[in-house]
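J.: What follows is a structure written as structure tokens; I'll ask about it next.
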Amino acid sequence: MNREDFSMLENNIIYFDNGATTLKPKPVVNAVIDYYTKYTANAHRGDYNISQIVDSKYEEVRDEVKDFIKASRRDEIVFTKGTTESINTVVFGFMNTYLQEKDEVLITKSEHASNILPWLELAKRKGIVVKFIPLNENHEVTIDNIEKVITSKTKVISLAHVTNVVGDIRPIEEIGKLCKDKNILFVVDAAQSIGHLPIDVVKCNISFLGFSAHKMLGPTGIGVLYGKYELLNKLSPIEYGGGMNSYFESSGELEYKDLPERLEAGTQNIAGVLGMGEAIKYLKKIGLDNIHKYEVELKKYAVTRLKEVPNIKIYNANSNSGIIVFNINKIFSQDLAAFLNHFNICVRAGNHCAKIVKEEINVSNTCRASFYFYNTKEEIDALVDALKKQDKIFDIIL
Amino acid sequence: MDEKLKRDIILDNYQNPMNRGLTDSNGYIKVNTRNSSCVDNVDVMAKLKDGVFIDIRFDGEACAISTSATSIMIKTLIGKTIAETEKIIDNYEKMINEEEEYDKDLLGELCVYDTVSKQPSRKKCATLPFESIKKIIALAKDTK
């Protein structure tokens with residue numbers, strides 16, 4: 001659907017790498033261009049007309065985000081450069097003082113590097129313990145398995161809403177309820193879910209949540225950190241400088257601003273924020289429920305059709321999102337991606353930055369096709385047709 | 001070199017690579033090298049005697065270009081001194097990067113990768129085995 005809005009689709013490509021980044025519709029591109037051609041100015045200055053325009057548009061996006069994730073307060077929304085910065089800010093601005101030695105953080109082996117490495121680094125620095133929740137036979141998180149590993153020392157559960165290799169959707173509402181009952185903080189990496197599934201941070205009892213705009217039609221280099229007000233207010237800024245202070249004197253007397261400005265030091269990625277705002281409006285118009293429904297339809301179609309391909313192994317046929325990971329027997333994933341590139345089909349090869357999921361799915365390298373609402377069944381047919389020509393691979397890639 | 005011949009040499013070295021499989025024998029220097037785009041992951045081990053490579057072996061997960069390049073490199077370097085090897089690496093890198101003239105005779109079969117720069121993403125694959133050998137040479141010089 002809406003293919004006419006995506007200039008990139010006029011380039012004769014089949015883009016199946018939406019898990020890495022999505023294409024950008026014209027309204028998003030135009031929002032960025034408008035900022036650079038019609039009202040370039042810094043935000044939060046307001047001394048002249050265009051500066052006021054920027055200021056109000058910038059803050060309107062905060063409201064858009066607040067409604068989009070159903071947060072209760074606008075000052076719970078902080079702009080960051082993406083999911084990675086959001087999670088790192090939580091870990092090194094809050095968890096580093098909140099957690100004590102031997103406190104336990106639960107994650108899984110199918111998390112992205114950005115929801116593993118900050119915790120492992122904190123474990124090195126502070127002696128916290130990172131534990132992996134065992135996954136079931138479909139590599140999914142279940143409430144039973146979480147309950148099995150919770151101890152009196154468990155202080156945090158940090159999970160992706162949707163994982164980027166297996167593509168499973170975590171039952172975050174139930175996990176949030178469990179966290180509430182057990183007085184555990186719940187951190188959610190929404191990078192893979194934000195443009196695909198509705199989320200309600202209050203209903204899911206989410207303590208902190210991070211996402212990137214570029215995986216939901218928006219520009220790169222911009223994202224969001226959401227934090228429950230009482231928690232976010234205790235988060236120490238990682239960066240200090242302009243825009244985040246109320247005043248400072250040479251005596252060292254100083255005061256920082258309230259949320260959210262306190263956590264947005266320096267000139268922000270204004271063009272990015274405005275583009276992200278437009279992306280949210282665009283997604284709302286289509287409706288995340290419709291997007292999810294369509295992606296699941298594409299995934300089911302792809303699984304059925306790909307089964308016709310000789311020597312194929314699909315690793316996540318059951319997961320309920322638009323991500324499908326596969327290999328062709330005896331063909332290295334990167335070679336397969338290079339082969340598909342010959343047909344202008346863009347897929348990702350490798351371990352997808354989830355370097356320990358191999359311990360779960362027993363393979364370290366795969367090809368990943370990740371769909372979005374502008375993909376079509378015809379494009380999946382083209383993928384299947386290309387894969388059926390697999391015996392020609394070395395004539396093509398060498 | 002004819003494109004079909006090049007392809008056949010690459011494919012043969014990919015499907016039947018030289019010295020795949022590591023050994024527990026003594027006297028080897030072993031290194032691990034990974035492609036920074038996080039796909040290839042290869043162990044290379046080499047045994048030197050009086051500054052000459054008398055054995056080189058490898059194992060790991062790698063694509064067709066990287067695996068075949070490792071195989072051809074092993075065939076080329078066994079019997080060569082460190083100084084000869086360094087000269088080969090230098091010429092190979094010049095070829096891969098299309099920088100300047102290089103010595104085709106010195107490279108021999110390694111010339112099958114002379115057009116790999118047309119696929120920039122594969123340049124790293126073609127140079128990966130030489131990264132391992134450079135590390136091994138550095139370690140060999142260190143222990144001298």
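J.: Please work out which residue is farthest from A:ASN329 (Cα to Cα), limiting yourself to the range A:364-395 and to residues that are surrounded by fewer than 17 Cβ atoms within 10 Å (Cβ to Cβ) and within 14 Å of chain B (Cβ to nearest Cβ).
T.: Among residues in the range A:364-395 that are surrounded by fewer than 17 Cβ atoms within 10 Å (Cβ to Cβ) and within 14 Å of chain B (Cβ to nearest Cβ), the one farthest from A:ASN329 (Cα to Cα) is A:ASP395.
J.: Sticking with this structure for a sec: Consider B:PRO129 against the criteria (1) within 14 Å of chain A (Cβ to nearest Cβ); (2) surrounded by 14 or more Cβ atoms within 10 Å (Cβ to Cβ): it satisfies all of them except one. Which criterion is unmet?
T.: (1)
J.: Which helices (runs of 4 or more DSSP H) sit wholly inside the range A:272-368 and have at least 1 residues that are at pLDDT below 95?
T.: The helices (runs of 4 or more DSSP H) meeting that bar are A:333-342, A:358-361.
J.: Residues in the range A:240-253: is at least one within 23 Å of the chain's Cα centre (by Cα) and touching a residue at least 12 places away in the same chain (Cβ under 8 Å)?
T.: no
J.: Does the range B:69-79 include one or more residues that are at pLDDT below 95 and among the hydroxyl-bearing types (Ser, Thr, Tyr)?
T.: No, the range B:69-79 contains no residue that is at pLDDT below 95 and among the hydroxyl-bearing types (Ser, Thr, Tyr).
J.: Taking the range B:98-113, which residues are within 23 Å of B:ASP12 (Cα to Cα) and more than 13 Å from chain A (Cβ to nearest Cβ)?
T.: B:LYS104, B:ASP105, B:LEU106, B:LEU107, B:GLY108, B:GLU109, B:LEU110, B:CYS111
J.: So in the range A:1-44, with the set limited to residues that are under 16 Å from A:VAL273 (Cβ atoms) and among the hydrophobic types (A, V, I, L, M, F, W, C), which one is surrounded by the fewest Cβ atoms within 10 Å (Cβ to Cβ)?
T.: A:ILE33
J.: Next question, about the same structure. Checking the structure you have, find out if any residue of the range B:61-74 is surrounded by fewer than 23 Cβ atoms within 10 Å (Cβ to Cβ) and either away from chain A (no Cβ under 14 Å) or touching a residue at least 24 places away in the same chain (Cβ under 8 Å) (or both).
T.: No, that holds for no residue.
J.: A follow-up question, please. Can you report the number of residues in the range A:302-338 which are at the interface with chain B (Cβ under 10 Å from one of its Cβ atoms) and either in contact (Cβ under 8 Å) with a residue 60 or more places away in the chain or on the phi < 0 side of the Ramachandran plot (or both)?
T.: Residues meeting the conditions: 8.
J.: Pairs, please: C-beta under 8 Å, at least 6 apart or cross-chain, first residue on the phi < 0 side of the Ramachandran plot and among the small types (Gly, Ala, Ser) and in the range A:1-28, second surrounded by fewer than 17 Cβ atoms within 10 Å (Cβ to Cβ) and at pLDDT 95 or above?
T.: Once the first residue is on the phi < 0 side of the Ramachandran plot and among the small types (Gly, Ala, Ser) and sits in the range A:1-28, its partners that are surrounded by fewer than 17 Cβ atoms within 10 Å (Cβ to Cβ) and at pLDDT 95 or above give A:SER7/A:LYS26.
J.: When you go through B:ASN41, B:ASN26, B:ASN35 one by one, which is the residue that is facing chain A (nearest Cβ under 10 Å) and without any contact (Cβ under 8 Å) to a residue 40 or more places away in the chain?
T.: Result of the check over B:ASN41, B:ASN26, B:ASN35: B:ASN41.
J.: Within the range A:145-152, identify whether any single residue is within 27 Å of A:LEU288 (Cβ to Cβ) and among the hydroxyl-bearing types (Ser, Thr, Tyr), and answer yes or no.
T.: no
J.: Where in the range B:5-68 are there strands (runs of 3 or more DSSP E), lying wholly inside it, with at least 2 residues that are at pLDDT 90 or above and charged (D, E, K, R)?
T.: B:41-49, B:52-61
J.: In the list A:VAL32, A:VAL78, which residue meets the criterion of being under 22 Å from A:ALA265 (Cα atoms) and in a strand (DSSP E or B)?
T.: Being under 22 Å from A:ALA265 (Cα atoms) and in a strand (DSSP E or B) holds for just one of A:VAL32, A:VAL78, which is A:VAL78.
J.: Considering the range A:183-236 alone, what residues qualify as being of a type in the set (A, V, I, L, M, F, W, C) and farther than 22 Å from A:GLU278 by Cα?
T.: A:ILE184, A:LEU185, A:PHE186, A:VAL187, A:VAL188, A:VAL202, A:CYS204, A:ILE206, A:PHE208, A:LEU231, A:LEU232, A:LEU235
J.: Output the residues belonging to the range A:105-135 that are in contact with a helix residue (DSSP H, G or I) (Cβ under 7 Å, 6 or more places away or on another chain) and not in a loop (DSSP other than H, G, I, E, B).
T.: A:VAL105, A:LEU106, A:ILE107, A:SER114, A:ASN115, A:PRO118, A:TRP119, A:LEU122, A:LYS126, A:VAL129, A:VAL130, A:LYS131
J.: Report whether or not A:SER246 is farther than 24 Å from A:ASP103 by Cα and modelled with pLDDT under 95.
T.: Judged against the criteria, A:SER246 is a match.
J.: Oh, and also: From A:ASN96, A:ASN138, grab the single residue that is surrounded by fewer than 18 Cβ atoms within 10 Å (Cβ to Cβ) and part of a loop (DSSP other than H, G, I, E, B).
T.: Of A:ASN96, A:ASN138, the one residue that is surrounded by fewer than 18 Cβ atoms within 10 Å (Cβ to Cβ) and part of a loop (DSSP other than H, G, I, E, B) is A:ASN138.
J.: While we're here: Any residue in the range B:62-75 that is out of contact with any helix residue (DSSP H, G or I) (no Cβ under 9 Å at 6 or more places or on another chain) and either more than 16 Å from B:ILE136 (Cβ to Cβ) or hydrophobic (A, V, I, L, M, F, W, C) (or both)?
T.: no
The values are calculated or read from the model by the stated rules, or taken from the named source; none is laboratory data. All figures in this text were calculated on a predicted structure; none of them were measured in a lab. In this analysis, Cβ positions are derived from the backbone assuming ideal geometry, glycine residues included, and neighbour counts consider all displayed protein chains.
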